[in-house]
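Encoded as structure tokens, the structure appears first; notes follow it.
The values are calculated or read from the model by the stated rules, or taken from the named source; none is laboratory data. Computed from a predicted model, the values in this text were never measured in an experiment. Quick reminder, even Gly has a Cβ in these numbers, built from the backbone with ideal geometry, and neighbours come from all protein chains shown. For the accessible areas, the whole protein counts, side chains as well, though only heavy atoms, and no ligand, DNA or RNA atoms are used. Shrake-Rupley method; radii C 1.70, N 1.55, O 1.52, S 1.80 Å.
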Amino acid sequence: MATHRFRPTEYFNVLGTAKPCLRVASGDTVVTDTIDASGLDAQEIAVGCRPNPMTGPFFVEGAEPGDTLAVHIERLTPSRATGWTYSPLALTVLDPTAIADRPLQQRHVWEIDSKAGTVRLQEPAKGLEAFSPPLQPMIGCFGVAPAGGQALSTATSAQNGGNMDYRLFAPGTTAWFPVSVPGALFYLGDGHACQGDGEIVGTGIETSFEMEVTLRVLKRTITWPRGETSDDIFTIGNARPLDQALQHATTEMLRWLGDDYGLDARAASHLMGQVVRYDVGNVFNPAFTVACRIAKHWLTKL
């Protein structure tokens, strides 16, 4: 099991079948740099362009269509001391009657204090002078090449992953993606220093990162992305409208409970009906993201 240090020189605004930047074995770890959603690197130099320029793709030996790529997020380290967000709230989360009073869009700089583990507006608005939420790094956009020779924009998401902006895609989480092409062709980027549910201002705190992930090929088939933390399992649906994303995530969880935990549809419905939790990943991008989540302690006795 090797560790590879990869320094990218080009970035991609689609997930597709580009020439691999590096070939790795199943079980290998990759440490690499990512740039922010607008293309700024660790020195705030523009080396890519929006939306969400990706590092990759990484070819994982042995991955074939029908397999699953497991991506364990080992570490997400901001590589500069500032990030940025937009305000105000997105049109998609406001009542139509509130849109007329919506202020103009502005970009705001945040200070990232890695030692203290906090973030803070560089020029805080009135009432937010003491506002300093915790530094909570996450990956906004990552995934594998889609099926059928498609090249999907990093502004959106689908069955192959993409721009999901789900807060649990953080250090310690293992994400699973359905493999559709030889080598999987894995991409990652769009790191956020902090973000609330839904990415409701159209950004998290966007900044550059050094990311460390371990890639493993699983000889099993899934339909939509999945994930596992120390406490939960979850499934992801990406679609628009929001109810369709929820349907995809719920159906994928139903499959998982049947395949791995031996629950038929009736038993799974009893369990899910009482303990399932739904999280909103993204309600800003062309496809919305919903996570269907179940705490592992409900599954240990099955």
Strands (runs of 3 or more DSSP E) fully within the stretch 25-125 counting 2 or more residues that are under 23 Å from Ser153 (Cβ atoms): 29-34, 54-60, 68-78, 82-87
Candidates Val280, Val201, Val276, Val213, filtered to the one that is aliphatic (A, V, I, L, M) and farther than 30 Å from Ala42 by Cα: Val276
One residue from Phe142, Phe131 being in contact with a Gly (Cβ under 7 Å, 6 or more places away or on another chain) and not aliphatic (A, V, I, L, M): Phe142
Identity of the residue in the stretch 230-239, of a type in the set (S, T, N, Q) and either in a helix (DSSP H, G or I) or out of contact with any Asp or Glu (no Cβ under 8 Å at 6 or more places or on another chain) (or both), that ends up most open to solvent (accessible area, probe 1.4 Å): Ser230
Extreme residue, farthest from Arg293 (Cα to Cα), among residues of the stretch 207-224 that are among the charged types (D, E, K, R) and crowded, with 16+ Cβ neighbours inside 10 Å: Glu210
Number of the condition not met by Gly227 [criteria: (1) open to solvent by less than 30 Å² (accessible area, probe 1.4 Å); (2) assigned to a helix (DSSP H, G or I)]: (2)
Within the stretch 284-302, considering residues that are more than 23 Å from the chain's Cα centre (by Cα) and under 15 Å from Glu228 (Cα atoms), the one surrounded by the fewest Cβ atoms within 10 Å (Cβ to Cβ): Thr300
Members of the stretch 270-280 found to be in contact with a Leu (Cβ under 9 Å, 6 or more places away or on another chain), open to solvent by 60 Å² or more (accessible area, probe 1.4 Å) and under 26 Å from Asn160 (Cα atoms), listed by number: Tyr278
Strands (runs of 3 or more DSSP E) lying entirely in the stretch 149-201 (those with 3 or more residues that are in contact (Cβ under 8 Å) with a residue 60 or more places away in the chain and over 10 Å from the mean Cα position of the chain (by Cα)): 174-178
Ile139 modelled with pLDDT of 95 or more, touching a helix residue (DSSP H, G or I) at 6+ places or on another chain (Cβ under 7 Å) and either within 21 Å of Pro8 (Cβ to Cβ) or surrounded by fewer than 20 Cβ atoms within 10 Å (Cβ to Cβ) (or both): no
Of all residues making up the stretch 260-290, the number that are among the basic types (Lys, Arg) and in a strand (DSSP E or B): 1
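Listed here are the residues, each with its yes/no results for (1) open to solvent by less than 20 Å² (accessible area, probe 1.4 Å); (2) acidic (Asp, Glu); (3) in contact with a Phe, Trp or Tyr (Cβ under 8 Å, 6 or more places away or on another chain).
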position	(1), (2), (3)
Pro241	no, no, yes
Gln244	no, no, no
Glu252	yes, yes, yes
Leu257	yes, no, no
Arg266	no, no, no
Asn282	yes, no, yes
Residue ID - nearest to Ala25 (Cα to Cα), chosen from residues in the stretch 171-203 that are surrounded by fewer than 24 Cβ atoms within 10 Å (Cβ to Cβ) and small (Gly, Ala, Ser): Gly183
Residue check for Asp67: open to solvent by less than 50 Å² (accessible area, probe 1.4 Å), touching a Ser or Thr at 6+ places or on another chain (Cβ under 8 Å) and within 30 Å of Lys219 (Cα to Cα): yes
Yes/no for Pro8 being surrounded by fewer than 16 Cβ atoms within 10 Å (Cβ to Cβ) and in a loop (DSSP other than H, G, I, E, B): no
